[in-house]
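Only one structure is covered here, and it is reproduced in the block below.
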Amino acid sequence: MNIQQRELENLVREVLRKRDRIIPVVGDDAFEGIVNVNGTEHCFPLQRWLAEKLLGDEVEEATKNKIYHEGYRGLDLMYEEFKILYPDESFIEYRESIVNTIEQCIRDKELRLRKDIKEFLVAGQFEVIATTCPYHILENELKSENYKYNISSFAPIASKQREFQTSRAEETLSLPSIYQIFGDCEGEYVSGEED
């Protein structure tokens, strides 16, 4: 057994021993999308995949890679390219295009949790997993008969709109749980750090 393998096994044992004190935070970089390019299936990180889906062949590869590498600023760059391709479309239509693309691709299983992330989360059986992604891939892929996650979220916009209802943020966190920091995908998409 080589040193790297031994270190990995030690890390896994340590994580399992302390899993009640570890809260993994799953962000955009934990997901990948499948795109068919010239008849060949490719997996891309989420923002790069979105650029491929929304902008297609009309935008150069270098621009799509820049969108991916710029983080949340990349979504602004993608919007600039979107405005050039679709000058009559507004920001709301851009945002709806992102939400609709994500929802459709979840249904078509073209957007998924990265294999290494999924294996880590399944092996760890963490009591709480936090996510900044407002879509339902995580709970769909982490379902198992012997370890079922409860879903809770904090969606401040939705909470303000439901004046007479109890906010899900005020509900007791039932363990194990996936805690969605930005709520679910029904009309909400985290398009920037301020949002």
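For the structure I just gave you, tell me whether I84 is touching a Gly at 6+ places or on another chain (Cβ under 8 Å) and modelled with pLDDT of 85 or more. No: the conditions fail for I84. Criterion applied to S159, S153 was being surrounded by 16 or more Cβ atoms within 10 Å (Cβ to Cβ), in contact with a Gly (Cβ under 8 Å, 6 or more places away or on another chain), modelled with pLDDT under 85 and over 28 Å from N36 (Cβ atoms), and the one residue passing it is S153.
Close Cβ contacts (under 8 Å, 6 or more residues apart or on different chains) running from residues in region 88-101 that are closer than 12 Å to L54 by Cα to residues that are open to solvent by less than 70 Å² (accessible area, probe 1.4 Å) and among the hydroxyl-bearing types (S, T, Y) comprise Y94/Y79; R95/Y189; R95/S191; I98/Y189; I98/S191; V99/Y189.
Every condition in (1) part of a helix (DSSP H, G or I); (2) in contact (Cβ under 8 Å) with a residue 40 or more places away in the chain holds for L55 except the one numbered (2).
Residue by residue, here is whether (1) closer than 21 Å to S90 by Cα; (2) open to solvent by 40 Å² or more (accessible area, probe 1.4 Å); (3) aromatic (F, W, Y) holds:
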position	(1), (2), (3)
D28	no, no, no
G33	no, no, no
N36	no, yes, no
R48	no, no, no
K53	yes, yes, no
E58	yes, yes, no
Y68	no, yes, yes
L77	yes, no, no
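Residues that are touching a strand residue (DSSP E or B) at 6+ places or on another chain (Cβ under 7 Å) and assigned to a helix (DSSP H, G or I): does region 77-94 have at least one? Looking for residues that are touching a strand residue (DSSP E or B) at 6+ places or on another chain (Cβ under 7 Å) and assigned to a helix (DSSP H, G or I), one finds none in region 77-94, hence no.
Within region 113-134, not a single residue is outside any strand (DSSP E or B), small (G, A, S) and modelled with pLDDT under 80. Which residues, counting only those in region 23-52, are among the small types (G, A, S) and not in a helix (DSSP H, G or I)? The answer is G27, G33, G39. Filtering G71, G39 for residues that are modelled with pLDDT under 85 and closer than 29 Å to A130 by Cβ leaves a single hit, G71. Cβ-Cβ contacts under 6 Å between residues 6 or more apart (or on different chains), taken from a first residue in region 123-149 that is farther than 18 Å from R17 by Cβ to a second residue that is assigned to a strand (DSSP E or B) and open to solvent by 30 Å² or more (accessible area, probe 1.4 Å), are listed as A130/V25; A130/Y179; E139/I151.
The values are calculated or read from the model by the stated rules, or taken from the named source; none is laboratory data. If you're wondering where the values come from, they're calculated on a predicted model, not measured in any experiment. Backbone-built Cβ (ideal geometry, glycine too); neighbour counts: all protein chains shown. Keep in mind that these areas ignore ligands, DNA and RNA; they rest on the heavy atoms of the full protein, side chains included. Shrake-Rupley method; radii C 1.70, N 1.55, O 1.52, S 1.80 Å.
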